[in-house]
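Report on the structure given below.
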Amino acid sequence: MKTIDDRMRDLTIRSPAMGISIPVRVILPASWAKKPKATFPVLYMLHGGDDNYTSWTRETDVEALAKNSDVLIVMPDAGKAGYYSDWFAGAPRWETFHCDELVRLMEKKYRAGPSRAIVGLSMGGFGALNYAAHHRGMFRYVASMSSYVDLNDPAVRLELSLGTAREGIDIKEVWGDPVKNAGVWRAHNPAAMPRSFRGMHVHLSAGSSQPGPSDMGRPPGVLLASVLGEAPLSKQIKRFARSLRSAGVDVTTHVYTPGTHSWPYWQDELHSIWPPLMKSLG
C-alpha cells in the first residue's frame, strides 16, 4: 500500500482470477479515522479505454468533491482494453476480479458496507452497466457516461474492431465469434437485457458530439477522435432509456450540447450526478 495523502491510498492487490497483481486507488470516507468500527457505503468508479486507475483523480476533482462524503471510493485498474469482462479466451477475468474478489476485499479490509453505486465512462460506462446487470442487487445506482450501450450497433462494432486492433487484440478473444457465440455477445450487451436493471437507478449521459469552448486548443486529430467517438452515443442511450422505462426501470438521461468524448464534459457530469448519487447511497 502507498499513501498518497490523508485519505488517498494506492493498493496493489494480488488477484487469483487474474493471476497477477492489480493496482487500485481508494479515497477513504471523511470519518474513516474517527469511526474505527463503522462500515461505509461504496462508490466504484471505472475508467475508460486506453487509460488506468489514476484517471478519475488525474482528470477530475473527485477528491475535493468527496471531501465531506462518508463514502469509500474505489477506482480499480481494468487494462487498456479489458472490456470489463471475463474473456471468452479464458483470461483475463476482469469481472471476477472486480465483482467478487475486490468487493469482498473491500468488505474485509476497508469496512465496505452493503450499499454500493457504480459509475463509469466510455469503456467503463459499458462495464458499469454490465456489472450492474450481471450482479442484480449489488448496486443501487449505476451511471454510464459517454458509453456504447448496444453491441449490435454497426458503429459500435466498428469502434470495437478498431480499438482492439490498436491494442493487438482480436475481439473474438473477448466474447467469441459474434455469430457462433451470439449468446455470449448478448450476455454482455446492456441493450439486450433491460429487465436486469430493475431495482436500481440508471443514469445515462452523452454529448451531442458538437465541440464547445472546453475543446479550444486541442490538437486537430485528438478533437476529431473525440467528436467521432461521441457521435453515435446520444441516439443509442435515448433508445436504451426507452426500453429501460418500458421494462419498469428507474432511469434518467442527460444529452448535452456542446459535448465531445473528453474529460471536461465528464467532470461537469460528475458534478451534476453527485448529489443524487450520494443520496442513493444513504
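The values are calculated or read from the model by the stated rules, or taken from the named source; none is laboratory data. Keep in mind that this is a model prediction, so the values were computed, not measured. Positions of Cβ are generated from backbone atoms using ideal geometry, with glycine treated the same way; all protein chains shown enter the neighbour counts. The accessibility values were calculated without ligands, DNA or RNA, using every heavy atom of the protein model including side chains. Shrake-Rupley method; radii C 1.70, N 1.55, O 1.52, S 1.80 Å.
Figure legend: label point modelled 7 angstrom from the Cα of residue 35 along Cα→Cβ; residues of segment 44-82 with amide N under 14 Å from it are 68-73. Here the simple spin-label model places points 7 Å from the Cα toward Cβ, and for residue 136 and residue 228 these points are separated by 4.0 nm.
Counted over all Cα-Cα pairs of segment 111-250, pairs farther apart than 27 Å make up 26 percent. Counting only heavy atoms of the protein chains and using a 1.4 Å probe, residue 238 has close to 100 Å² of accessible surface. An ellipsoid equivalent to segment 88-185, defined through the eigenvalues of its Cα gyration tensor, has semi-axes of 27, 16, 12 Å when rounded to whole angstrom and sorted largest first.
The rule of thumb for compact globular proteins, 2.2 N^0.38 Å, goes into the C-alpha radius of gyration of the chain 0.96 times.
Taking a threshold of 24 Å on the Cα-Cα distance, which of the pairs 108/172; 180/238; 2/67; 2/279 fall above it? As for pairs spanning more than 24 Å Cα to Cα, those are 108/172; 180/238; 2/279. Centre-to-centre, using Cα atoms only, segment 136-165 and segment 86-128 are separated by 16 Å. Remark: segment 136-208 carries 44 Å² of accessible area per residue (probe radius 1.4 Å; ligands, DNA and RNA excluded).
On the chain, 55 percent of the accessible area sits on carbon and sulfur atoms, based on a 1.4 Å probe.
Using every pair of separate Cα atoms, the Kirkwood estimate puts the hydrodynamic radius of segment 136-190 at 12.6 angstrom. In the elastic network of the chain, a GNM with C-alpha springs shorter than 10 Å, the most mobile of 171, 20, 237 is 20. At a probe radius of 1.4 angstrom, the accessible area of segment 17-116 per residue rounds to 40 square angstrom.
If you run the Gaussian network model on the chain, springs between alpha carbon atoms under 10 Å, then out of 33, 206, 191 the most flexible one is 33. Projected onto its three principal axes, the C-alpha set of segment 168-282 covers 45, 43, 23 Å, listed from the longest axis down.
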